[in-house]
1. Given H placed on each backbone N at 1.01 Å, which residues far from residue 144 in sequence or on other chains put an amide H within less than 5 Å of it?
2. Relative contact order, percent, of the stretch 66-161 when contacts are C-alpha pairs under 8 Å separated by at least 6 residues?
3. Select from 109, 74, 127 the residue whose mean-square fluctuation is largest in a Gaussian network model of the chain (Cα-Cα springs shorter than 10 Å).
4. Normalised by the empirical 2.2 N^0.38 Å for globular proteins, what value does the Cα Rg of the chain take?
5. Just to be sure I understand the curve: with the Debye formula and one point per C-alpha of the stretch 26-67, what is log10 I(q)/I(0) at q = 0.20, 0.30, 0.32 Å⁻¹?
6. Once phi is turned into ³J(HN,Hα) by the Karplus curve 6.51 cos²θ - 1.76 cosθ + 1.60 with θ = phi - 60°, what whole-Hz value does each residue of the stretch 104-115 show in order, with x for glycine and proline?
7. Using a probe of 1.4 angstrom, how much of the accessible area of the chain is carbon and sulfur, in percent?
8. Charges at C-beta only: +1 for Lys and Arg, -1 for Asp and Glu. How large is the resulting dipole of the stretch 41-161 about its Cα centre, in Debye rounded to 20?
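The values are calculated or read from the model by the stated rules, or taken from the named source; none is laboratory data. Every value quoted in this text rests on a predicted model; they were computed, and no experiment measured them. Positions of Cβ are generated from backbone atoms using ideal geometry, with glycine treated the same way; all protein chains shown enter the neighbour counts. Side chains included, ligands, DNA and RNA excluded: accessible areas come from the protein's heavy atoms. Shrake-Rupley method; radii C 1.70, N 1.55, O 1.52, S 1.80 Å.
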Amino acid sequence: GKSWQWLSDIPTRDGDDPSDYHELHAVEMLDRRIIVHIRNHNANHTNETLQCESSDGGRSWTKPRSIGVWGLPSHLLRLSDGRVLMTYGHRRPPFGNQARVSVDGRQWSSPMSISEDGISGDLGYPSTVEMRDGTFVTVWYELLENSSNAVLRQARWQLDG
């Protein structure tokens, strides 16, 4: 971490402005591909998660594409079994945090609820760790009812099946 080298830019989709891409998060797959999720603020597709990947260590990237997930921003975690977990804030009813799993980093499962008791969309930025017993702990910020300050919340949960 004492020195860094710029390798490349992530391209934008046709019609997108690079300034609409925020808060990227990356994970390396077992096959060494790097998967990146992008918080998207393009006016036509705001709050839609975009994904791109690199198969050469970040020297080049595919154009971002929609993965059909409305929520932001993503936190990506490679699990002990090689699958990838994405957790993200779901900022419309039911307000909360959701998770999806992928075997290949390209196709994502249906959403699973981590929390759905938020009072507004002022929540999210989840970070998740896998515990030794196979459960997960997710921490996020959330503005609670009748409060002017956000708090940190957490949930301990497990994947179904």
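1. 151
2. 21 percent
3. Maximum among the listed residues: 109.
4. Cα Rg divided by the expected 2.2 N^0.38 Å: 1.07.
5. Log10 I(q)/I(0), no solvent term: -0.59, -0.98, -1.06.
6. Calculated HN-Hα couplings, in order: 10, x, 10, 10, 10, 5, 5, x, 10, 7, 9, 8 Hz.
7. With neighbouring chains kept in place, the figure for the chain is 48 percent.
8. So the magnitude is around 340 debye.
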